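For reference, the structure is listed below as structure tokens.
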Amino acid sequence: MEKSRSTVALALVAAALTAGSAAAQEAPAAPPAARSDLRGFMLGVSFNGGVVGSRFDTERRTASAGFGVTLGYGLNDRVTLFTRGDYAYRASYFDVGARYSFGGASGALRPYVEGALSAVGSLRGGASVGGAALTGGAGLEYFVTPNLALDAGMRYSRGEWAPDVELGGGRQYASSRLGLGVRWRP
């Protein structure tokens, strides 16, 4: 009798373990909740500070502060195409580019790098000058909700003034911008 009770107990334990293992295999784990959603349209506003000037003339650099507006479209969870306009007291920028975001949709912090073609305008010595540039940048988005993020980014541009402009020893210029803003994805 004792032997049959032990056998029945072992059979019940084995059945319970087998059933638990089968249930664990049948029910896949739920994916983590999306904390950041980069797909679709994006609208952003930011406060910016920047410096623009001839590459070799540090005495004529123009510092300015202002605001910016960004409109973009996330192709997937990593790549966003965008246009951005930044305006400040003595400098303005228009960028057309792409942003690559790191991390996954379950993360609240999403670092990124971006590249753009840029048009730059500046008020220099009472005259308005402009030029074209290549811009690279990096930053970090913090998602408060899946559709609303705080954004901090730094951009650096190098280019040339228009052909008829030569300031401080050359036509080349460099520009850096720091932006703090909010991004909304409807």
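Brief remarks on what is shown
- Long-range HN-HN contacts of Ala34 with modeled amide H, under 5 Å: none
- Neighbour-count ranking [beta-carbon atoms within 10 angstrom, fewest first] of Met42, Met154: Met154, Met42
- In order through region 83-90: 3J(HN,Hα) via Karplus (6.51 cos²θ - 1.76 cosθ + 1.60), integer Hz, x for Gly, Pro: 10, 9, x, 10, 10, 9, 3, 10
- Overall, region 40-184 carries a charge dipole of about 100 debye about its Cα centre when +1 sits on the Cβ of Lys and Arg and -1 on the Cβ of Asp and Glu, all other atoms neutral.
- Label point distance in nm, Leu180-Asp37, each placed 7 Å from Cα along Cα→Cβ: 2.9
- Other-chain or far-sequence residues with amide H under 5 Å of Gly53's (modelled H): Thr62, Ala174
- By the count of neighbouring beta-carbon atoms within 10 Å, fewest first, Glu114, Glu160, Glu141 end up ordered Glu160, Glu114, Glu141.
- Positive-end residue, region 40-184 charge dipole about Cα centroid, Cβ charges, pick of Tyr73, Thr62, Ser122: Thr62
Values in this text are rule-based calculations from the coordinates and carry no lab data. Since the model is a prediction, treat every value here as computed from it, not as a measurement. As a convention, Cβ positions derive from the backbone with ideal geometry for all residues, glycine included, and neighbour counts pool all protein chains shown.
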